[in-house]
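The values are calculated or read from the model by the stated rules, or taken from the named source; none is laboratory data. Note that the coordinates shown come from a computational prediction; the quantities given were computed from them, not determined experimentally. All Cβ positions, glycine included, derive from the backbone under ideal geometry; neighbour counts span all protein chains shown.
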Amino acid sequence: MTPEAARDDASPLAMICGGGSLPRTIAESVERSGRRCILFPVRGWAELDSVAAFRHHWIDLGAFGRFQRLMQAEGCRDIVFIGTILRPSVSQLRLDWGTVKVLPKVWRAFRGGDDHLLSGVGRIFAAHGYRLVGAHEVAPDILVPEGALGRLVPSERNTADIGLGLELLQAMSPFDVGQAAVVANRHVLAVEAAEGTDRMLARIAELRHDGRIRTTPGTGVLVKAAKIGQDHRFDLPAIGPKTIDGVARAGLAGLAAVAGSAIMAEPQELVRRADAAGVFTFGVRPAGPR
């Protein structure tokens, strides 16, 4: 579906919301375009201040039947998945009868990495007549553009680290692991796994504090890139003000994200914090085929 088709649909847009400020950023963008948003924040993950300004219904993970009833009552057909939700175990799902009926499909979705899980859940929604839409389709202004977002740009050494990080993430794609890495002086310091980007950056800060990382402060780059073949309707790499704070605390020079396939929360605040912290934020072209 094209961005134009997504924006022209007159029905309200449903947003299933996890944590972070991205739900608010996207909902504001969509409503500026003239389309209503109905938010479905996931209890235990979504944050009240990200959804309070919009019509919303709190839902539990696993309450597919209740979600369907609310979607019908609100007249929604299109769905966006956005925000942070750490991978739950099947036992953590609060199943209602609507979910029990599709439980075999849910079980199969859990038997793989995060991308496999999200794609499997997406197929369940699509099989029930919902149209799954990428956040970048309904709010294209959240995509990271190519080039510098603030006043600073990567140095030649930073550019070499970015290139290595992109190659690394491309090579890792078949294993459905993570979407971020930290590289300094062409040395891989960290790869994102189950902990997520924020905790990976906190680990770098701790290692630097303990003397395990000996590069001078202001060296190294956080690199974020989508997996090869990833369904862009789900879990695109995201950056925001909190990411900038983590990069600064980790003593890195800046961050690079692939332009056009990474999204950003609160872009103005992101740039303000980056400039204030003296770190660069840069949108790069994707790595070529290996």
Q) Does the stretch 15-27 contain any residue that is part of a loop (DSSP other than H, G, I, E, B), among the hydrophobic types (A, V, I, L, M, F, W, C) and modelled with pLDDT under 95? A) no
Q: For residue 226, state whether it is outside any strand (DSSP E or B), touching a strand residue (DSSP E or B) at 6+ places or on another chain (Cβ under 8 Å) and under 17 Å from residue 192 (Cβ atoms).
A: yes
Q.
Looking at (1) modelled with pLDDT of 95 or more; (2) surrounded by fewer than 22 Cβ atoms within 10 Å (Cβ to Cβ); (3) at negative phi, which one does residue 147 not meet, given that it meets all the others?
A. (3)
Q: Determine, yes or no, whether residue 210 is over 22 Å from residue 244 (Cβ atoms), exposed (fewer than 14 other Cβ atoms within 10 Å of the Cβ) and of a type outside the set (Gly, Ala, Ser).
A: yes
Q: Give the residues of the stretch 229-259 that are touching a Gly at 6+ places or on another chain (Cβ under 8 Å), within 18 Å of residue 283 (Cβ to Cβ) and not in a strand (DSSP E or B), sorted by residue number.
A: 232, 236, 240, 247, 252, 253, 259
Q: List every residue pair whose Cβ atoms sit under 9 Å apart, with the two residues 6 or more apart in sequence or on different chains, where the first one lies in the stretch 152-175 and is outside any helix (DSSP H, G or I) and the second, anywhere, is surrounded by fewer than 18 Cβ atoms within 10 Å (Cβ to Cβ) and among the small types (Gly, Ala, Ser).
A: 152/278; 153/147; 154/148
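Let's see how each residue does on (1) closer than 30 Å to residue 137 by Cα; (2) in contact (Cβ under 8 Å) with a residue 40 or more places away in the chain:
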{"site": "195", "(1), (2)": "yes, no"}
{"site": "222", "(1), (2)": "yes, yes"}
{"site": "277", "(1), (2)": "no, no"}
{"site": "282", "(1), (2)": "yes, yes"}
Q) Is it the case that residue 173 is surrounded by fewer than 21 Cβ atoms within 10 Å (Cβ to Cβ) and under 21 Å from residue 270 (Cβ atoms)? A) no
Q) Would the stretch 161-174 turn up any residue that is under 18 Å from the mean Cα position of the chain (by Cα), within 12 Å of residue 228 (Cα to Cα) and not hydrophobic (A, V, I, L, M, F, W, C)? A) yes
Q | residue 180, sole failed condition from (1) of a type outside the set (S, T, N, Q); (2) in contact with a strand residue (DSSP E or B) (Cβ under 6 Å, 6 or more places away or on another chain); (3) surrounded by fewer than 22 Cβ atoms within 10 Å (Cβ to Cβ) | A | (3)
Q.
Could you go through the stretch 121-129 and let me know if any residue there is touching a residue at least 12 places away in the same chain (Cβ under 8 Å) and either outside the structural domain of residue 72 (by TED's automatic domain parsing) or not in a helix (DSSP H, G or I) (or both).
A. yes
Q | residue 226 being among the hydrophobic types (A, V, I, L, M, F, W, C), surrounded by fewer than 16 Cβ atoms within 10 Å (Cβ to Cβ) and assigned by TED's automatic domain parsing to the domain that holds residue 254 | A | no
